[in-house]
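Report on the following structure.
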Amino acid sequence: MLLSVDWDAYSGCADLVFDAPIWGTPDRQHDRLARWHERVAKRGGSDWQALDAEFPLYPGWHELTQYAGLPVFSALSHEQAALWLHAFPGRDVLNIDSHHDLSNLRGDPQRWRPGNWAGLGLAAGLIGRYTVRYPEWHAGLLVTEGHDLTRTRQELETALLPGVLARVQLERSAALPAPAEVEALLVVQSPSWTNPAHDAALFGILHTLSAAPLGEPPMMRGS
């Protein structure tokens, strides 16, 4: 299988944080850094520490080091996933993510975006079967896709063709597959959705994995 990991599965938010990007956000340059400074200022802070309580780094990310030695790629967002899928066409994909990435209501539905890459990959035959595995912390946040899998699947029934939806599985778990089951790994930063305070942890993982940049690389957003 191919394994995709979106950093927003670990760099998340607490419950009832109404300016959290998980409630919905565009993916513009402003959203990737300036919007995070605005969140700091709103909390009366002067650095990323002001975000610690409401935008935590959830456990489990250290376990990604087990994939050292495999082909590992990194990217700014899943917009670059098309390059990865074309390099390994037709494989089953497991995506560890806070979003299913199967459909995007904004803009051209045929343009590869972070929110629809998996749906386009399935429709094009670049993905065999697709599983999105939401993190365990979604269980405690009503607004998340992973809180109510039945509700989320029902929403997808109106967005995806039946032949595509039949190859989709939704689940919530902290489990990661054994390295022997993984052919290649893609790790994406998704800076519009992830706390800049956690960039150092992400870059440390990417260094350990000797990740090769794919398309636009992750950005270190500094202090």
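Given (1) farther than 26 Å from R91 by Cβ; (2) in contact with a strand residue (DSSP E or B) (Cβ under 7 Å, 6 or more places away or on another chain), where does P196 come up short, assuming only one miss?
If we test P196 against (1) farther than 26 Å from R91 by Cβ; (2) in contact with a strand residue (DSSP E or B) (Cβ under 7 Å, 6 or more places away or on another chain), just (2) comes out false.
Among the numbered criteria (1) under 18 Å from the mean Cα position of the chain (by Cα); (2) closer than 27 Å to A123 by Cα, which one does L206 miss?
(2)
Okay, residues lined up against (1) modelled with pLDDT under 95; (2) over 17 Å from L3 (Cα atoms); (3) in a loop (DSSP other than H, G, I, E, B):
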position	(1), (2), (3)
W112	yes, yes, yes
G121	no, no, no
R133	no, no, no
W137	no, yes, no
L142	yes, yes, yes
G146	no, yes, yes
T150	no, yes, no
L160	yes, yes, yes
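Answer yes if at least one residue in the stretch 141-154 is more than 21 Å from D15 (Cβ to Cβ) and more than 19 Å from the chain's Cα centre (by Cα), and no otherwise.
yes
Can you tell which of D19, D15, D31, D92 is without any contact (Cβ under 8 Å) to a residue 60 or more places away in the chain, acidic (D, E) and either over 19 Å from T131 (Cα atoms) or outside any helix (DSSP H, G or I) (or both)?
D19
Any residue that is under 20 Å from Y58 (Cβ atoms), touching a strand residue (DSSP E or B) at 6+ places or on another chain (Cβ under 6 Å) and part of a helix (DSSP H, G or I) - is there at least one of those in the stretch 162-181?
Within the stretch 162-181, none of the residues are under 20 Å from Y58 (Cβ atoms), touching a strand residue (DSSP E or B) at 6+ places or on another chain (Cβ under 6 Å) and part of a helix (DSSP H, G or I).
The values are calculated or read from the model by the stated rules, or taken from the named source; none is laboratory data. Everything numeric in this text was worked out from a predicted model, so none of it was measured. Because the Cβ atoms are built from the backbone with ideal geometry, glycine has one as well, and the counts that use them run over all protein chains shown.
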